[in-house]
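Undergrad: One structure is given below, represented as structure tokens, and several questions about it will come after.
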Amino acid sequence: MAAIGVMTCGGDCPGLNAAIRAVVFRASDAGLRVIGINEGFDGLTQDKTLELTKDKTRDILGRGGSILGCSGSNPFRDDPEAADATVETFKRHELDGLVVIGGNSSMGTALGAEKRGIPIVGVPKTIDNDVEGTDVTIGFDTAVETATEAIDRLRTTAESHDRVMIIETMGRDFGWIAVAAGIAGGADIILTPEEPIDVDSVADTIRVRQEEGLDFTIIVIGEGATFKGEDQQFGHHAPGDRWLHLSGVGRALADRLEALDPERWKLTVSVIGHLQRGGSPTSTDRILASRFGVAAVNAMLEGKHGNMVAIRNGQMTLTPLDQVAGKLKAVEPELIEDARSFATGV
Ligand code: F6P
């Protein structure tokens with residue numbers, strides 16, 4: 001083995017650069033050259049690459065985003081020409097393996113590459129924490145930290161003005177961030193995609209709190225949540241884009257509460273959105289990303305490609321890519337149960 005590639009796929013998150021740096025450090029120490037691929041699989045299809053060294057990556061540990069850029073492209077889905085070009089670039093650079101840092105759908109793309117003869121080791125990342133086969137993903141801890149700080153800040157103004165404060169967090173399919181930050185930030189109501197929203201019951205909780213003399217209420221809602229009896233997420237399509245950019249369920253909840261509201265609650269909506277994806281990773285994410293990067297190169301050196309590095313029950317391990325691809329990990333029932341001690345809705 002003489003050289004490996006590394007790429008970051010899907011949406012960015014804090015900790016990607018820490019993972020890239022770890023791959024470069026561990027691989028360089030093992031005598032391997034490392035080629036960085038720009039913008040996920042697009043960079044392999046279009047041959048956009050750069051040589052990475054310890055010197056080039058020494059200072060990126062705490063930097064947000066990805067020095068390589070990100071994309072969610074999948075050349076293996078329905079474009080045979082792109083698939084061939086991707087494999088060709090890999091061969092032209094005389095690479096022996098590829099570390100793919102990505103979320104659920106990128107692990108599917110990675111499996112497609114593995115099937116075309118590109119030895120892959122995956123590294124799970126996404127602020128959503130919904131990658132199957134690992135207890136935790138790079139970026140989740142930082143996103144929860146950011147969302148918790150937002151809730152803390154919004155709480156003091158909610159208390160001062162007797163407001164019902166609705167805070168919309170990210171989380172496309174599951175409510176990991178909403179539940180974790182909801183617990184950490186002391187939310188009174190937590191709403192997630194797991195449990196369709198019952199507007200009457202949200203209103204009841206606000207009323208009961210008011211009867212108890214608590215004139216403010218903190219509602220944390222995951223962006224992917226839907227209303228009871230409906231199956232529609234809220235968001236918009238950018239021109240020419242099939243992907244639904246989620247946002248708006250918090251406002252929709254406020255509108256529905258307002259319509260019900262005889263007493264005129266003071267409703268305020270804050271969508272914290274991409275703030276959760278940006279910025280410097282927490283120390284927990286830096287450590288996780290560094291360990292995943294080292295483990296990925298170790299797996300590659302041991303010939304254990306076709307796997308994703310993972311943490312399960314506190315142990316570093318490998319999960320086969322075909323057990324990850326196309327699957328999503330819902331919030332653990334135990335975590336939801338614990339959240340119910342503090343908040344309704346969840
Ligand atoms: O998957 C991570 C994530 O941050 C989701 O929580 C969110 O729905 C999505 O990416 C946002 O992506 P985009 O910026 O493309 O709308």
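Undergrad: Within region 51-70, find all residues whose amide N lies under 19 Å from a label point positioned 7 Å from the Cα of Ala2 along Cα-to-beta-carbon.
TA: 51-53
Undergrad: So how do 137-149, 332-344 stack up, highest first, on mean other-Cβ count within 10 Å? The partial results should precede the final answer.
TA: On the way: 137-149: 25.6, 332-344: 13.7.
Per-residue mean Cβ counts within 10 Å order the peptides as 137-149, 332-344.
Undergrad: Give the residue from Thr192, Met170, His237 lying farthest towards the positive end of the charge dipole for region 142-277; charges sit on Cβ (+1 for Lys and Arg, -1 for Asp and Glu) and the dipole is referred to the Cα centre.
TA: His237
Undergrad: Could you calculate the contour length gain from Ser283 to His236, that is, 0.36 nm times the residue separation minus the distance between their Cα atoms, to one decimal place in nm?
TA: On the way: separation 47, 0.36 × 47 = 16.92 nm, distance 3.40 nm.
The Ser283-His236 span can extend by a further 13.5 nm.
Undergrad: Please report the net charge: other residues with Cβ closer than 12 Å to the Cβ of Gly139, K and R +1, D and E -1.
TA: Working: positive: Lys125, Arg277, Arg286; negative: Asp12, Asp128, Asp130, Asp141, Glu145, Asp285.
Net of charged neighbours comes to -3.
Undergrad: Moving on to the next point. Principal axis lengths of region 142-277 from Cα atoms, whole Å, largest first?
TA: Ordered largest first, region 142-277 gives principal extents of 49, 33, 24 Å.
Undergrad: While we're here: Working out 0.36 nm times the residue gap between Lys54 and Ala30, then minus their Cα-Cα distance, what length gain in nm do you get to one decimal? Let's see the in-between values first.
TA: Values: separation 24, 0.36 × 24 = 8.64 nm, distance 1.24 nm.
Gain on extension, Lys54 to Ala30, equals 7.4 nm.
Undergrad: What residue among Glu211, Glu51, Glu159 has the largest mean-square fluctuation in a Gaussian network model of the chain, using Cα springs under 10 Å?
TA: Top of the fluctuation ranking is Glu211.
Undergrad: How many percent of the accessible area of the chain is carbon or sulfur, using a 1.4 Å probe?
TA: Numbers: 6920 of 14630 Å².
C and S fraction of accessible area: 47 percent.
Undergrad: Another question, then. In terms of solvent-accessible area of protein heavy atoms at a 1.4 angstrom probe, what is the ranking of Cys70, Cys13, highest value first?
TA: Details: Cys70 40, Cys13 0 Å².
Of Cys70, Cys13, the descending order of accessible area is Cys70, Cys13.
Undergrad: Follow-up question, since we're still on this one. Please give the length that would be gained between Glu212 and Gln315 if that part of the chain were fully extended, namely 0.36 nm times their separation in residues minus their C-alpha to C-alpha distance (nm, one decimal). It would help to have the intermediate numbers written out before the result.
TA: Details: separation 103, 0.36 × 103 = 37.08 nm, distance 4.56 nm.
Length gained, Glu212 through Gln315: 32.5 nm.
Undergrad: Still on this structure: Hey, if you drop one equal point scatterer on each alpha-carbon of the chain and run the Debye formula without solvent, what base-10 log of I(q)/I(0) do you get at q = 0.08, 0.11 Å⁻¹?
TA: For the requested q values the scattering log ratios are -0.41, -0.72.
Undergrad: Over region 142-277, give the accessible area per residue in Å² for a 1.4 Å probe, as an integer.
TA: Details: 6250 Å² over 136 residues.
Accessible area per residue, region 142-277: 46 Å².
Undergrad: Counting Lys and Arg as +1 and Asp and Glu as -1, each charge on the Cβ, what is the dipole of region 142-277 about the Cα centre in debye, to the nearest 20? Don't jump to the answer; show the numbers that get you there.
TA: Working: 13 positive and 24 negative charges, 88 e Å.
For region 142-277, the charge dipole is close to 420 debye.
Undergrad: What is the packing order of peptides 227-234, 172-179, taking the mean over residues of other C-beta atoms within 10 Å and listing the highest first? Write down the numbers at each step before the final one.
TA: On the way: 227-234: 12.4, 172-179: 26.1.
For the peptides 227-234, 172-179, the packing ranking is 172-179, 227-234.
Undergrad: Choose one of Leu32, Asn298, Ala22: the residue whose Cα lies farthest towards the positive end of the charge dipole of the chain (beta-carbon charges +1 Lys, Arg; -1 Asp, Glu; about the Cα centre).
TA: Value: Leu32.
Undergrad: If a helix is a whole DSSP H run, which ones in the chain reach 24 Å or further along their own axis (Cα) and hold a mean Kyte-Doolittle hydropathy of at least 0.5?
TA: Values: long enough: 140-161 (31 Å, -0.52); 283-301 (27 Å, 0.72).
Qualifying helices, which must be both long enough and hydrophobic enough, are 283-301.
Undergrad: I would also like to ask the following. Lys327 versus Ala85, label points 7 Å from Cα toward the beta carbon: distance in nm?
TA: Spacing of the two 7 Å Cα→Cβ label points: 3.4 nm.
Undergrad: Any chance you could look up the accessible area of Trp265 with a 1.4 Å probe, heavy atoms only, rounded to 10 Å²?
TA: 20 Å²
Undergrad: Sticking with the crude label model, points 7 Å out along Cα→Cβ, report the distance from Lys228 to Arg153 in nm, one decimal please.
TA: Label at Lys228, label at Arg153, 3.4 nm between them.
Undergrad: Now for a different question. Provide, for the chain, the number of lysine pairs with alpha carbons under 21 Å apart, each pair being eight or more places apart or on different chains.
TA: Lysine pairs meeting both conditions in the chain amount to 9.
The values are calculated or read from the model by the stated rules, or taken from the named source; none is laboratory data. Since the structure is predicted, the reported quantities are computational estimates derived from the model, not experimental observations. Here the Cβ is made from the backbone with ideal geometry for all residues, glycine too, and neighbour counts use every protein chain on show. Surface areas here come from the heavy atoms of the whole protein model, side chains and all, with no ligands, DNA or RNA. Shrake-Rupley method; radii C 1.70, N 1.55, O 1.52, S 1.80 Å.
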